[in-house]
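The values are calculated or read from the model by the stated rules, or taken from the named source; none is laboratory data. None of these values were measured; they are calculated from a predicted model. Positions of Cβ are backbone-derived with ideal geometry, glycine not excepted, and every protein chain shown enters the neighbour counts. When the accessible area is computed, the model is the full protein with side chains, heavy atoms only, and any ligands, DNA or RNA have been set aside. Shrake-Rupley method; radii C 1.70, N 1.55, O 1.52, S 1.80 Å.
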Amino acid sequence: MASAPRERGPGTKRRVRSRTLAAGCALVGAVALTALVSLVWLPYDPADTSGGRLAPPGAAHPLGTDRLGRDLLTQVMIGARIALAAGLGATAVGGVLGVAAGLAGGFATRWLDDAFAVLSDILIAFPVLLLAMLMVAARQASLGPAILAIGLAMSVTVARLTRILVKRVLAQDFITAARTSGTSWPRITVEHVLPNIWPTLLVSLALHLGVAVLAEATLSYLGLGAAPPNASWGRMLREAQTTAFTAPVGVIAPGVLLAVLVVGANLVADGVRDVADPARRRS
Amino acid sequence: MKTPKKCLIGLVVGLVFTLASCGLEQASAGAPPGEATIGVGSMYEPQNLDNAGGGGQGATEALTGNVYEGLFRLTDEGRVENLLAESHTVSPDGLTYTFRIRDGVTFHSGAPLTPDDVAHSIRRVTAAASTSSRRGTLDMIESIAGSGRDTVVVKLSSRSISFVYNLSQVWIVNDAHEDLSASEDGTGPYRLGTWKRGSSLSLDRFDGYWGRKAANARVVFRYFTDASALNNALLTGAVDVVTGMQSPDALALFDGDPGYRISNGKSTTKLLLAFNNRRAPFDRMLVRRAVSSAIDERKLLDSIWNGYGSMIGSMVPPTDPWYEDLTHVNPYDVELARRQLAEAGYPRGFTFTLDTPTYDPHPTVAAFVKSELAKIGITVEINMVTADEWYTKVYRNHDFTATLQEHVNDRDVRWYGDPGFYWGYDNPQVAREVKRAERAGTVEEQTALLRKVGRRIAEDAASNWLFLYPQIVIGSSGVSGYPVNGLNAQFYVYDIVKR
């Protein structure tokens, strides 16, 4: 039996939870702002190698330069663009495919549903990164295939979650009532199923955003993501690894930004869950 | 009663000791002289144990001279000495070589070395199924025959002045031993201990060795895929010496520390921007020259190696007898490059795909090349390829426009005389001169001809030779006797001693 709501000041707990969402949005927003600014302004041409090898941070180059003399600030700004494109792109691919497959699985007849469950259980046993690496290695190593591969790999978990949520909703009495009154399945999906599963899906997709950003960075670190000279944070980490002791900013800058974006995405997920789930708000 | 916290501490301490004693087999310290275990750190794990069967650079590094020996030995200084051959004679026409093999040599299995083993070993390399990179250097062999109990006679179809040198790269193996890809039977001062794929390969001193015994009891090659992990292994004492430093910046960790010794030896490893000479636009010499002149190789070398390494203007490193400084042939001159490009019919430049191996330093070099060529209107699209993909796509199928690749061997300018090689450079005059050089009667004649070849390919800009790697070996100061040069990737370990 659900517990009765406790007495508290009006909106106190909700305000605390909103702070989580606000913090997450601020972190992701900061990266997004950096990416947007990079579209219209960059301190230097990313191909400009005139900065001198491993110049320390200074007025001309606030974060210093890399081995080739390229401005690091310019590179991390472009890296923000790539990280967000990879994160949002892969999440969109994973979300669209996963939700579509999950809905199909949820509404499927028994043997189709069983086959779906077995297939997703098998695919889910492979880590997202491993699947993505296999797909990229089979095709071509660049950002587009990497996004597609991460999205496809993620779609399995999204599909599985969607299927479970759909099944749960379809077992409710109001669905039986809707069917009895002659409502079509598409209408039931739009009017009853989707509104009931979206908060959980949104939380899941926000969490997947962080996973996708990390997966792209890892692929780029391994040379299977964005091709040079695109300054993916993962590639920057790889290239700066050998100079970590002599020029640590090359490692710290992309590393910190990567952490900011992933933590931000996770906080957004927490915040969305708290705001969207009335049961959690009351507990 | 123990508290959970104490239990946890005990568990962690126990785990650390277990790992220290079992998992991490540290290089031995304090062992008597001659009984030490030497740890060698390397980035090049063998693909398999057969250098004529695709074992790669790792098989050569760990096994040549250590487990397997040739009739001759190429010393770390680049001299060729007798090894399993006691002596040899050459007929006046230069077509018959008679080798007398050393008496009393046995394989690790106990079988004695016979002329049949020598004949079998050479045939392994020249066989049609051989994937040895040395196969082409021995294709003039007409017949090999044993004679008596210690003589081998090799007849050639044409003179080969490098024949003895080339034989120094051929392992002598027991002809009764069938699979060399996973086990060994050589005559060297070590026998193979254990090979843990992905981790290490150990060599144990062979007490029945025919020559001077190894100065240490055991050598463990530890393999790393990451340069930072390799450096850390040296810093923590997990290895005593690393076979080749991958980054000049890591030297800051060791430079000035009396606990380590840094050697800057001679290298034969060249980094090439290799054009596909069969395919437009690189089938035109002026385009190749324009690209060569548009890239500031000095700046690239300084960026990657920070003062180490050197520039070369052709395929010939200074350790080859026919070396000539040709860096002036295609000087860095952006205006000249623009003019050449316009003259070649590309005043507005063009776009091409650069197949780039995913491992360092190629991606960084590719970014630099792209940035440099943008100055003359050439757009470079970088296509990342794994090592396997490179082998299939570029090396075997010749399906590329341009690529980046390292070439490790010395005396490999001869590849420009082979139009079937992956870069497809087809200059009949060069092919003729390479052939004539190999058939030369004297070293002077060979040197003069190959010097001409080096100059000709530089003038044709057959490839763009970006730079010559340095060969930086770092060892603990208590360890000595290791080779400091990187000729042909070999790394003799039998003289290494640890105080």
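Within the range B:387-399, is even one residue within 9 Å of chain A (Cβ to nearest Cβ) and touching a helix residue (DSSP H, G or I) at 6+ places or on another chain (Cβ under 8 Å)? There is no residue in the range B:387-399 that is within 9 Å of chain A (Cβ to nearest Cβ) and touching a helix residue (DSSP H, G or I) at 6+ places or on another chain (Cβ under 8 Å).
Just one of the listed residues (B:Arg218, B:Arg278) is open to solvent by 30 Å² or more (accessible area, probe 1.4 Å), of a type in the set (D, E, K, R) and closer than 20 Å to B:Arg197 by Cα, namely B:Arg218.
Residue-by-condition table, conditions (1) within 14 Å of chain A (Cβ to nearest Cβ); (2) at pLDDT 95 or above; (3) not in a strand (DSSP E or B):
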site: B:Asp257; (1), (2), (3): yes, no, yes
site: B:Ser263; (1), (2), (3): no, no, no
site: B:Thr268; (1), (2), (3): no, no, yes
site: B:Pro318; (1), (2), (3): no, no, yes
site: B:Pro321; (1), (2), (3): no, no, yes
site: B:Leu326; (1), (2), (3): no, yes, yes
site: B:Ala337; (1), (2), (3): no, yes, yes
site: B:Leu354; (1), (2), (3): yes, yes, no
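Output the residues belonging to the range B:48-95 that are in contact with an Asp or Glu (Cβ under 8 Å, 6 or more places away or on another chain) and not aliphatic (A, V, I, L, M). Within the range B:48-95, B:Gly58, B:Tyr68, B:Phe72, B:Arg73, B:Thr75, B:Gly78, B:Glu86 qualify.
For (1) open to solvent by 20 Å² or more (accessible area, probe 1.4 Å); (2) among the acidic types (Asp, Glu); (3) on the phi > 0 side of the Ramachandran plot, each residue gets a yes or a no:
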{"position": "B:Phe400", "(1), (2), (3)": "no, no, no"}
{"position": "B:Arg414", "(1), (2), (3)": "yes, no, no"}
{"position": "B:Pro428", "(1), (2), (3)": "yes, no, no"}
{"position": "B:Arg432", "(1), (2), (3)": "yes, no, no"}
{"position": "B:Thr442", "(1), (2), (3)": "yes, no, no"}
{"position": "B:Glu459", "(1), (2), (3)": "yes, yes, no"}
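Annotation: B:Arg212 fulfils all but one of (1) touching a strand residue (DSSP E or B) at 6+ places or on another chain (Cβ under 8 Å); (2) farther than 21 Å from A:Gln241 by Cα; (3) of a type in the set (Lys, Arg); the unmet one is (1). Going through (1) in contact with a Gly (Cβ under 8 Å, 6 or more places away or on another chain); (2) at pLDDT 95 or above one by one, A:Ala32 falls short only on (1). Pull up the range B:356-384, narrow it to residues that are farther than 18 Å from A:Ser50 by Cα and in a helix (DSSP H, G or I), then point me to the one that is farthest from the other protein chains (Cβ to nearest Cβ). By that ranking, first place goes to B:His362.
With respect to the conditions (1) surrounded by 18 or more Cβ atoms within 10 Å (Cβ to Cβ); (2) in contact (Cβ under 8 Å) with a residue 40 or more places away in the chain; (3) within 22 Å of B:Arg411 (Cβ to Cβ), B:Ala59 falls short on a single one, namely (2). Would it be correct to say that B:Asp283 is surrounded by fewer than 21 Cβ atoms within 10 Å (Cβ to Cβ), away from chain A (no Cβ under 14 Å) and free of Cβ contacts under 8 Å to residues at least 24 places away in the same chain? So B:Asp283 fits the description; yes. Is one or more of the residues making up the range A:202-220 closer than 30 Å to A:Gln75 by Cα and of a type in the set (Asp, Glu)? The answer is yes, given that some residue of the range A:202-220 is closer than 30 Å to A:Gln75 by Cα and of a type in the set (Asp, Glu). Just one of (1) free of Cβ contacts under 8 Å to residues at least 12 places away in the same chain; (2) away from chain A (no Cβ under 14 Å); (3) within 17 Å of B:Phe368 (Cβ to Cβ) fails for B:Ser293. It is (1). Number of residues in the range A:241-273 that are modelled with pLDDT under 90, open to solvent by 10 Å² or more (accessible area, probe 1.4 Å) and within 14 Å of another protein chain (Cβ to nearest Cβ): the value is 5. Set side by side, the residues A:Ala137, A:Ala149, A:Ala132, A:Ala177 differ, and just one is without any contact (Cβ under 8 Å) to a residue 12 or more places away in the chain, part of a helix (DSSP H, G or I) and out of contact with any Asp or Glu (no Cβ under 8 Å at 6 or more places or on another chain), which is A:Ala177.
Counting the residues of the range B:84-98 that are in contact (Cβ under 8 Å) with a residue 40 or more places away in the chain and either in contact with a Gly (Cβ under 8 Å, 6 or more places away or on another chain) or surrounded by fewer than 22 Cβ atoms within 10 Å (Cβ to Cβ) (or both) gives 8.
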